[in-house]
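Some notes on the structure that comes next.
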Amino acid sequence: MSNGRGVMREQMRDGRSWVLGATCAVLALTAALCRAIIVGPYSPDAHTLHLWHFDEPAPPVTNAVPGGLELSVLGGGAVLTNVSYPGFGGSLSTYDGGPNATAGTDRDAYAAPRTLVNGTGDNVSLTYADPVTGAFTIEALVRIDFDPSVNYGPTTSGGNGRGAPMQIVTGEDEANGGRIFQFRIVPIGVINNNSYVYLEFINVHQAVAPIENLFVPIPTDGPDAIQQGQWYHVAVTYNGSENTPDNLRFYWTRMDPSRTEANLIGTLTMLNDLPVAPTDFVVGNIGRNPSQNNFVGLIDEVRISSIARPPNGMMFAPPLPVVVTQPEPQTLAVGQSFTLSAAASGQPPLYYQWERNGQPIPGATREVYSVSVAGPADNGVYRLAVSNAAGVVYSDPVTVQVRNPNQLVWMPLPSWTWNFTDANWDSNNDGQADTAFVGGDRVLFNDAGLYAPVVYVEAPVNPSEIRVNTVGEYQLTTFSGAGLVNRTRLIKEGSGTLTLDVDHLGEGTTEIRGGTLQVGSGAGSRGSLPRGAVTNQGTLLFNRTGTLNLEGPLYGSGTLISSNTGTFRLLGTNGLEAAARVIVEQGSLVFGPGALGSVTQVVVRPFGPLLGSIFGLTGGTVVDSNVTVRLFSTNWSDGFSSYDWRSSIWAESGSNTVHARLLLAGNNTIFLSQEAGAWLEVDGPVEGPDFTYQFAMRGNGAGLLRSRVQLPQGALAKTDGGVWTVAGDGRASTYQYVLIVGGRLAIDNDDALCPSAYLRLGNGTFDLAGYNQTVAGLSNEASGLRLIANSSTNRDSILTVATDRPWTFDGQIADSTAGGTRTVGLTLRAYGGATLTFTTTQPYSGPTRIESGRLILMGEAGLPNTASIWIGPGAALDATARSDAAFTVAAHQTLSGAGTFQVSGNLTNMGVLELTVGKTNGGIVAGRLSVSGHMQLGGVLRLVLQGQALAAGDLLPLIQATSMAGAFERIEPPTPGPGLQWDTSTLATDGTLRVVPGTTPEPVIGQVRLEGGSLVLRGTMGIAGASYTVVASPDVTRPLSQWEPVASGRVGSDGGFEVVVPVSNTGPAMFYRLRLP
């Protein structure tokens, strides 16, 4: 062995890469020299999209790709540990309740960028595949902490009852649009009573067919057999070629440094690329509610890549570097750009150096080498040298040709295919095809080539200019997923149409001088413009699915249309002119700050599925008051199909404001909506004289409607879980009702809602927020909690129901919500025999005023906490529909009224019955309580005396009832006046309280004492309220008429009195008497 090692050292000085390879292959040296290595922990390379090492002691878990998405939340019992495969630091544990857990709360551990919620508030936008090819690799290290031989299915099938797969990495949302993929292990018995453990990748495809469940068995014998307590590298790769054999590959490899490549356990065919959309991204579980599919074990080194990595390009490799992806040759025009890239694997650290014509390029020491504006000096042969401690290897050499382009005209003969081989182009304007396309050429599509209007892009092509001048229609499409690359000037002229059913992945400008430029063919998510400025003097039409961002500026007076279900985001500062029109027929057109330019007309007219037409705002966009937004909706059936088409104004992120005039039309819902964390404020006028349905506030964020709303045949609505506030003068608005079926609707001033609209309350909260609101009625909608309450901490609120029709309400009026500390009161103004019926107990503690009509309590309904109940003349509190047909005034409550007011049913008073008694010109006018049933006297009778003083003989008819019993504990005031007293002898029989002469008691001075320089006299048995005079004399025998007054006062309500008389130590002795009038 010493000779072998000596030979290697000597030869490596002369040619290290060749000698090492030959030595390993021919001489078969020991494993110490030729053995494979475990490559990780990984470092990001040119194809790494995301990489998480899980080495942090606490979240956030850093993404090793600069600027990448962090995993900021550990939920449901997930923890970071300092345990991993040797050399890999820490890991993520989602073990939670373990393999035998059956409760959902024991299977909900996860790591994610955001806390998981039910809805879109936890969604994130991340790249999980190559945006051009769709290729990806998802891989991780996992430790198996469950017994793979055990049946974890339902107990009915012989399992332990867990019944859940074990997720490794997923992108799954509640909404179908965010359902992307699952990568998971399925233990025995979990799905369809499976008899073996398998590794599964699901292309959920946004829950639209085909949903692809692709799985292969995990080995149970051999070196990679699944065993409890062991670490494995697991991966799935996809090469981006849709619906081709073996495009999806599964790898399962036990962590073993003797392996030179990952172990392939199966290949399958995936029909479609993964869709692109925001989703719930989760490691160790599934984001789709409920999240109860935890991975039982440890997870580490999660990497997502933009290529299908080969088996020797992941966790296992020989020590000498291996170039796993080769650079591609380039032919381009002067002024275009080129990028050369390669990827390598091997024992780190790896060092890179690009060479041109055999010479190192200064500074070109990364896997990627780019030139943004190429010239003749960039022509040459390039290769990448990759080295480490074991040696150096080279990529394949490739040629870069930078040329002056030709002008070509589409004139296909052999095929309708745009590639680099078929002579489908006229290069000398003789009307004959004579050449093939060469990279960088300028191409023209005109009327002469319209016999071949569908152009099939067979490979990525890089024209420096595309000009379409036609009265007909051209379509650029592809079977292979190929598209347009590099810097291109795109020009559309003539009245015809150009449809881009291919993606443009380069830079350049777009000019629409006439006709229509359509992005997308209407099927699928293909179609995009070059990155750069767009000038539109015709029509720019988006007709595709998925999400497309336009970062560059958009200019011109042309029309902008969205006609498919995709989301199109205009994020640049645009120069759209006032004459430009924005039309949303389907999908979403989303505008960032400044993106609307000078546009004054926006039309949202749905022609597609539910919520299919959205005018979106993002990042703090303001829509000015000179803009008119027309929103349409429809709900109809032709007898065979039903059409439920709606439109929306939607805030994606940031604080967005709409000052525009909104014109509504149609018979279906039109929405204001926002995502969680976003804000939408609308203060422009809202009008819709013919709109016949609901203008709804929805979403999981927050919003403010400050508009004058004129919808005489329509209504306002609040749905979803967010918070919306309505402000402004509701009396200037017109609509029929306000529907609340989700979240919280608050008001920001008195009568912010239209007082003539009634309230339809479902599973939601109407928040008075410290203000008063009048509504035309209260009704019930669907099921769930129906709550009217007050979130204020400094103001009480009053809800007034002013109505001319009967209402029944089974919700609750309560005091506080969302941290409020103040009260809510209720006022009823019911006209023409109208009523308000409560079928549940109302817990509010503010005052109750029944000014007119009847407040009916049904079943077990009650008013246990209200501080006071006031009933107007002829109005009634009706308890006859209660299960006991009775109402009790509690000890803390006051029942009062004006004129003759009514309580229907039986009444028990334990609190205060307050009645007003007035005397004018000798006549008595007394408030009168009329009880249709039995009246049980008790508590306090409080009389508010007004007008002339009462006199003996006055009769006060206070109570009318079918029968009465009991007695009041006391009457306030205790006497009708001086020398008078109350006669209650018939109060429990005829409800009349009488005024009779009082029995004048002899006053008694019970206590005399000196306090300082005064004599203090205290006594009892006076007549409450009676006046008295203290008289004094030095001679007790002097006639009383000659005694001198020295003090006066009135007897207290308790019949007691106190007199303070100044005295002198030098004067004669004095005698004092108390004189009553």
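Laboratory data are not the source of any read-out in this text; all were calculated from the coordinates shown. Everything numeric here is computed off the predicted structure, so don't read it as measured data. Reconstructed Cβ throughout: ideal geometry from the backbone, glycine too, with neighbour counts over all protein chains shown.
Things to note:
- In a reduced charge model with +1 at each Lys and Arg Cβ and -1 at each Asp and Glu Cβ, the chain shows a dipole moment near 1960 debye about its Cα centre.
- Where labels lie 7 Å past Cα in the beta-carbon direction, separation of residue 208 and residue 883 in nm: 5.3 nm
- Beta bridge orientation in the chain: antiparallel %, DSSP, nearest 5: 40 percent
- Structural size metrics of the range 46-163, computed from C-alpha coordinates, are Rg and Dmax of 16.7, 50 Å.
- For the range 985-1077, the relative contact order works out to 30 percent when only alpha carbon pairs closer than 8 Å and six or more residues apart are counted.
- FRET efficiency, 1/(1 + (r/R0)^6) with R0 51 Å, evaluated for residue 103 and residue 396 via beta carbons: 0.35
- Each part gets one Cα centre, and for the range 498-575 versus the range 881-902 those centres are 69 Å apart.
- Taking a sphere under 13 Å around the Cβ of residue 94 and counting the other residues whose Cβ falls inside, with K and R at +1 and D and E at -1, yields a net charge of -2.
- Sorted by Cβ density within 10 Å, fewest first, the residues 760, 786: 760, 786
- Here the ratio of the Cα radius of gyration of the range 941-1077 to 2.2 N^0.38 Å is 1.40.
- Rounded to the nearest 10 degrees, the angle from helix 2-22 to the longest Cα principal axis of the chain is 80 degrees.
- Computed [θ] at 222 nm, deg cm²/dmol, the chain (DSSP H ≥ 4; -39,500 (n - 2.57); rounded to nearest 500): -1000 deg cm²/dmol
- Cβ-based charge dipole, the chain, positive-most Cα from 1060, 761, 291: 1060
- For the range 1012-1077 and the range 782-853, distance of Cα centres in Å: 57 Å
- Interatomic Cα distance distribution for the range 319-403, bins of 5 angstrom, percent: 3, 16, 27, 24, 16, 8, 5, 2, 0
- Electrostatic tally near residue 722: other residues with Cβ closer than 15 Å to its Cβ, Lys and Arg +1, Asp and Glu -1, net -3.
- Computed from phi, the 3J(HN,Hα) profile of the range 809-822 under the Karplus parametrisation 6.51, -1.76, 1.60 (θ = phi - 60°) reads 10, 10, x, 10, 9, 10, 7, 10, 8, 6, x, x, 10, 9 Hz, with x in place of Gly and Pro.
- Total charge dipole magnitude, the range 48-314, about the Cα centre, Cβ charges on Lys, Arg, Asp, Glu only, Debye to nearest 20: 160 debye
- Highest mean packing first, where packing is the average number of other Cβ atoms within 10 Å per residue, the peptides 562-573, 206-217, 323-334 line up as 562-573, 323-334, 206-217.
- Modelled spin-label separation between residue 667 and residue 577, with each label point placed 7 Å from Cα along the Cα-to-Cβ direction: 4.1 nm.
- Measuring nothing but how far apart in sequence close Cα pairs (under 8 Å, 6+ apart) lie, relative to its length, the chain scores a relative contact order of 4 percent.
- Projecting the Cα atoms of 593, 395, 183 onto the dipole axis of the chain, where Lys and Arg carry +1 and Asp and Glu carry -1 at the beta carbon, places 593 farthest toward the positive end.
- Additional length obtainable on full extension of the chain from residue 626 to residue 65, 0.36 nm per residue less Cα span: 197.5 nm
- Applying 1/(1 + (r/R0)^6) with R0 = 51 Å to the Cβ-Cβ distance of residue 127 and residue 808 gives a FRET efficiency near 0.40.
- Computed over Cα pairs, the Kirkwood radius of the range 913-997 leads via Stokes-Einstein (0.890 mPa s, 25 °C) to a diffusion coefficient of 190 µm² per second.
- Orientation-averaged projected area, Cα convex hull of the chain (nm²): 68.3 nm²
- Pairs of Cα atoms farther than 16 Å apart, the range 1007-1077, %: 50 percent
- Length-normalised contact order of the range 48-314 in % [C-alpha pairs under 8 Å, at least 6 apart]: 27 percent
- Amide hydrogen neighbours beyond the local backbone of residue 707, cut-off 5 Å, H modeled: 727
- Label point 7 Å beyond Cα of residue 860 along Cβ direction - residues of the range 824-843 with amide nitrogen under 11 Å: 840-841
- Charge tally in the Cβ shell below 10 Å around residue 519, where Lys, Arg are +1 and Asp, Glu are -1, residue 519 excluded: 0
- Farthest toward the positive end of the dipole of the range 205-313, out of 278, 305, 264, is the Cα of 278, where the dipole comes from beta carbon charges about the Cα centre.
- Peptide ranges 475-481, 526-532 listed from the most packed, as the mean C-beta count within 10 angstrom indicates: 526-532, 475-481
- Highest average packing first - 692-700, 451-459, Cβ atoms within 10 Å: 692-700, 451-459
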